[in-house]
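Heads up, the thing below is written out as structure tokens.
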Amino acid sequence: MLLTLDLNDPRPLHEQVAVAIRRAIEAGDIAPGDRLPPARDLAHALGVNANTVLRSLRDLRDEGLLEFRRGRGVSVLRRPDGRAALRTRARDLLDEAARYGLTAGDVVALITDLSEEMA
Amino acid sequence: MTDPRDTSATGFRTRFLPAAAAWAVLVAAVLVAVPLVLAGRLPDPLATHWGPSGRPDGSMSFAAFALFPVVLWVAVAGIGIGVAARARTLVRRAPRAFYCAGLAWAGGLLITTQAFTVAANLDRGDWTRAAGMTWQVAVVVVAPIALGALGWLAGRRGPDASPAPPPAEPVIDLSPGKRPVWVSTATAPWASWLTLVALAAAVVIAAAARSGLIRDGWGAVVPLALTGVVGAVLSSVSVRVVPESLTVSVGPLRWPLRRVRLDRVERAWVEERYPAQVGGWGYRGLPGRATIMIRGGECLVVRYTSGGELGITVDDAAAGAALLNALIARQHPSVER
């Protein structure tokens, strides 16, 4: 499974790992029914503690994206719905805006402008 | 499946299976008929083993001599044809030729061995007076190999599945501030079961031997424990690619492991490899051209700048190869500077 961690993300590590896994599911790199690699392999590759990865996996299970099955490991249950997928991308957009010195308000204004143009 | 190559495989199977079965029946018929027809002219027991001098030095009862090769052949041919006839093996030329060669060689070996044994014992009143073996040994070695070569040629005829088209290249974000990693595994459930059964048997026998329930049990404990360890190592492989290195580790403990710095990797790609091609499971081939074979199928192959290659059977290999190649391409300008 291909995962990308954002090194400039100020959020706690377990959230960053969850974001990376959620993105891989959104992108279709890993499909519903597929099994995730063992948590300690993920932890090793990401350079984080195995408990951190387990915490992200539990969060994603609580979101309904993953399924834990005894003896069969962790597998993908479903892809995130449109709202959740957009939320991740909006978060990326806000992060990028911050790098250009724009606030969330500026982004909202930008989106309002855009939607008026398109209407 | 809607794959067009599968329909040709079905047609091929209806020709392949009767031919293989005919060979199996022919060999079995010879193995049964020769001792039965000549039973009256053979001693009981008859000489079945010859020493280095060429004189007979071991014997077997007639019943065992008549039965043993047939039972062995039924087992070998049954397993061989059963495996070769599986759709996945049947449509691929290399493993099919391998199994055909094996079947031809095994049949030839059993028939030539039986023929020379019968000839040496024919019309001798007692096995100790059986004829010597000299040049016959060379025939027993060479003739089955020649038959095996014919079997290999016969097995090469027919369709060869074209490898599956490569999946779309995944998008890899190599922008600064991003850390892409790839993690994947392959598992062989049968090896896990082998481990469990072998270790459980080793523990039970060791306990029984220690408590005096059985005598001479210790001899079986060591090979069983070794089988368990080998099974454990063969049960899974884990491959990790991070921007600095490639790590390959095997077994439930992820040890032994091999870590390679990415500046030592030239490129990576995906291949289909099967146990019949590389000679079985485990670490196959010589260092520099080796495959870590856990299960047949998709395989990540990396080529080192030293010229060596390593193949690892692992799921999702295309994404791993794409990440490796992207990371190598990124670091190349700085290497050439």
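Which members of the range B:217-231 meet the condition of being under 21 Å from B:W190 (Cα atoms), surrounded by 15 or more Cβ atoms within 10 Å (Cβ to Cβ) and not β-branched (V, I, T)? Result: B:L224, B:A225, B:G228, B:G231. Looking at B:P176, B:P189, B:P159, just one residue is closer than 22 Å to B:A317 by Cβ and of a type outside the set (A, V, I, L, M, F, W, C), and that residue is B:P189.
All of (1) within 14 Å of chain B (Cβ to nearest Cβ); (2) assigned to a helix (DSSP H, G or I) hold for A:D29 with one exception: (2).
Taking the range A:21-55 as the range and being without any contact (Cβ under 8 Å) to a residue 24 or more places away in the chain and under 22 Å from A:R83 (Cα atoms) as the test, the residues that pass are A:A24, A:A27. A:A109 meets the conditions (1) part of a helix (DSSP H, G or I); (2) surrounded by 13 or more Cβ atoms within 10 Å (Cβ to Cβ) in every case but one. The failed one is (2). The criterion of at least 3 residues that are acidic (D, E) and within 22 Å of B:A326 (Cα to Cα) is met by the following strands (runs of 3 or more DSSP E) wholly inside the range B:223-282: B:265-273. Take A:R69 and decide whether it is away from every other protein chain (no Cβ under 11 Å), more than 25 Å from B:V248 (Cβ to Cβ), in contact (Cβ under 8 Å) with a residue 60 or more places away in the chain and basic (K, R). Criteria not met by A:R69.
In the range A:32-49, how many residues are over 14 Å from A:L66 (Cα atoms) and either at the interface with another protein chain (Cβ under 9 Å from one of its Cβ atoms) or outside any loop (DSSP other than H, G, I, E, B) (or both)? Number of matching residues: 8. Quick one: is B:V248 of a type in the set (A, V, I, L, M) and in contact (Cβ under 8 Å) with a residue 60 or more places away in the chain? Taking the combined requirement at face value, the residue satisfies it. Counting the residues of the range B:16-43 that are surrounded by 14 or more Cβ atoms within 10 Å (Cβ to Cβ) and either farther than 17 Å from B:G107 by Cα or of a type outside the set (G, A, S) (or both) gives 12. Filter the range B:289-303 down to the residues that are assigned to a strand (DSSP E or B) and aliphatic (A, V, I, L, M), then identify the one that is farthest from B:D315 (Cα to Cα). Filtering first and then ranking leaves B:A290. All of B:P189, B:P170 fail the test of being within 14 Å of chain A (Cβ to nearest Cβ) and surrounded by fewer than 18 Cβ atoms within 10 Å (Cβ to Cβ), apart from B:P189.
Determine whether the range B:307-317 contains at least one residue that is surrounded by 16 or more Cβ atoms within 10 Å (Cβ to Cβ), among the polar types (S, T, N, Q), free of Cβ contacts under 8 Å to residues at least 24 places away in the same chain and touching a Lys or Arg at 6+ places or on another chain (Cβ under 8 Å). No, the conditions are met nowhere in the range B:307-317. Somewhere in the range B:120-141, is a residue more than 14 Å from every other protein chain (Cβ to nearest Cβ), of a type outside the set (S, T, Y) and under 24 Å from the mean Cα position of the chain (by Cα)? Yes, the range B:120-141 contains at least one residue that is more than 14 Å from every other protein chain (Cβ to nearest Cβ), of a type outside the set (S, T, Y) and under 24 Å from the mean Cα position of the chain (by Cα).
Bear in mind these aren't lab numbers, they're just calculated from the coordinates by the rules spelled out. Because the structure is a prediction, the values reported are computed rather than measured. A quick note on method: Cβ atoms are made from the backbone with ideal geometry, for glycine too, and the neighbour counts reach across all protein chains shown.
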